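Everything on this sheet refers to the single structure shown next.
The values are calculated or read from the model by the stated rules, or taken from the named source; none is laboratory data. All of these numbers come straight from a predicted model, not from anything done at the bench. Cβ placement follows ideal geometry from the backbone for every residue including glycine, while neighbour counts extend to all protein chains displayed. All accessible areas refer to the heavy atoms of the entire protein, side chains included, with ligands and DNA or RNA removed. Shrake-Rupley method; radii C 1.70, N 1.55, O 1.52, S 1.80 Å.
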Amino acid sequence: MLPKFRKIQNMTQNEYNLKGIVFDKDGTLFDYAHVWAEVLSEAITTAFAEMGKDKRKHQRAQQAMLRLMGIDDEGNTLAKGLVFTHKKRVIIKRYLLYCLRYRIKPIKAFRVYLQNIKNSEALVGERLKDLDFSMQQRLFEKLKENGYRIAIITSDTESSSKTFLSQMGLDHMVDFLSTRDSKYHKKPHPQAFEAFCSRFSLDSEEVAMVGDTETDMCMAKKAKAGYTIAVLSGSNDKRVLKRYADVIYSDISSLSEDTRLFPVG
C-alpha cells in the first residue's frame, strides 16, 4: 500500500456517513495494462494491415501509436496516453501530429482503429478468463454487506462493460451502470454521478468516488463527492491525482481496510 495523501484532517467518522460508491472501470477495477495492452496492440496491428501498411515498414509507426494511446514498449501504462485524458484539444492535436509524422490519413485510421477496438470484445473476454478477480469480488461483497449502493461510470461501451462485469463476477452487485452509450453526458461532466444519487436518494456528500485518471477526479469534484479515492492501477499519474484525491492507493485492494469506507466500531 502506498502512502496516503489526505487533504481533510479534521472530520469525525460520523461526518462521513457514506452510503454510495462510484467506480470507474478500466484502470480502477483492474490494472489497465494487464487487460488492454494486448487488446490495443492487436487492434493497432489489424488497423494498419487493413490500411495496407506493411508491418515491417511501419513497425515504428505502430509502436508509436500504442505509446500515443498510453502503453509503452514493455506493456506498461503511460500517464500521458490519450486513453487517460478527456481534453479534446489535446487528443486532436497529438493525434494529428502523429498522423502527419507517419504520413497516415487521420480520418481513415481513426475509423479503422475504432472498428477494431469494437471487434476486440472476444479477445477481451478471453483475456479476462486468465485473471483472478476474487479480490474485487470480496470488496464488492463487503460494500454490499455494509449497505452501499454501487455504481460504475465508464467511457467504455455498454456491451464491453457488461462483458467485463460478468467475467469479473461483479455484475449482480452493481446497482447503476453508465457507459459511453448511456444518455448522460460523458465524464468529467457530473450528470451520471448525479443520476445515481437521484435514483437512490443519496446526497453527493454521501457518495465516494474511486478512479485512476484526472477525468475521474474532475467528475468527483464537480459532483461534490464526499470522498475521493485515486488508484495508480491506470494512468499511474500520482503528480496529477494527488491534486484532487483525499487518498491515493496503489490499487483497490486497499479499500477494504479504509476506515472512512468501513468505520471501526
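Quick check on the range 132-265: take the gyration tensor over C-alpha atoms, sort the square-rooted eigenvalues as a ≥ b ≥ c, and tell me if it's rounded (a/c under 1.5), prolate or oblate.
rounded
Test of the criteria: in the range 181-265, which trypsin sites (Lys or Arg not before Pro) are in a DSSP loop and have at most 10 other Cβ atoms within 10 angstrom of their Cβ?
Listed in order of number, the matching sites are Lys183.
What full-extension length gain, to one decimal in nm, is calculated for Ser253 and His172 as 0.36 nm per residue of separation minus the Cα-Cα distance?
That pair, Ser253 and His172, stretches by 27.2 nm at full extension.
Got a sec? What order do Asp73, Asp175 fall in by accessible area at 1.4 Å, biggest, i.e. largest, first?
Final ranking, largest accessible area leading: Asp73, Asp175.
Using heavy-atom solvent-accessible surface (probe 1.4 Å) with all chains present, what is the largest-first order of His58, His189?
Putting His58, His189 in descending order of accessible area: His189, His58.
In whole Å, how far is the Cα centre of the range 216-265 from that of the range 55-87?
For the range 216-265 versus the range 55-87, the Cα centre distance is 26 Å.
When only the heavy atoms of the protein chains count and the probe is 1.4 Å, how do His86, His185 rank by accessible area, highest first?
His185, His86
Just the accessible area per residue of the chain, please: how many Å² with a 1.4 Å probe?
Per residue, the chain has an accessible area of 52 Å².
Of Asp156, Asp132, Asp24, which has the largest mean-square fluctuation in a 10 Å C-alpha GNM of the chain?
Most flexible of the set in this elastic network: Asp132.
Tell me which DSSP H helices of the chain clear both cut-offs, 20 Å or more of axial length from alpha-carbon atoms and a mean Kyte-Doolittle hydropathy of at least 1.6.
Flagged H segments: there are none.
Filter the trypsin sites (Lys or Arg not before Pro) in the range 66-156 to those in DSSP coil with at most 11 other Cβ atoms within 10 Å of their Cβ, and list the result.
Arg103
Taking a ≥ b ≥ c as the square roots of the Cα gyration tensor eigenvalues, with a/c under 1.5 meaning rounded and otherwise prolate when a/b beats b/c, else oblate, which class fits the range 53-108?
oblate
Would you mind telling me the share, in percent, of accessible area of the range 148-197 contributed by carbon and sulfur at probe 1.4 angstrom?
Heavy-atom surface of the range 148-197 belonging to carbon and sulfur, 1.4 Å probe: 43 percent.
Under 20 Å between alpha carbons, and skipping anything fewer than 8 positions from Lys144 in its own chain: which aspartates and glutamates qualify?
Here the aspartates and glutamates satisfying the reach criterion relative to Lys144 are Asp24, Asp171, Asp175, Asp203, Glu205, Glu206, Asp251, Glu257, Asp258.
Please give the charge dipole size of the range 111-265, origin at the Cα centre, charges +1 on K and R Cβ atoms and -1 on D and E Cβ atoms. Round to the nearest 20 debye.
Result for the range 111-265 is approximately 520 debye, rounded to the nearest 20.
Report the charge-dipole magnitude of the range 42-132 in Debye, nearest 20, computed about the Cα centre from +1 at each Lys and Arg Cβ and -1 at each Asp and Glu Cβ.
Rounded to the nearest 20 debye, it is 860 debye.
Any chance you could list P(r) for the chain, counting all Cα-Cα pairs in 5 angstrom bins from zero, rounded to whole %?
Going from the shortest bin to the longest, the percentages are 1, 6, 13, 17, 19, 16, 12, 8, 5, 3, 1, 0, 0.
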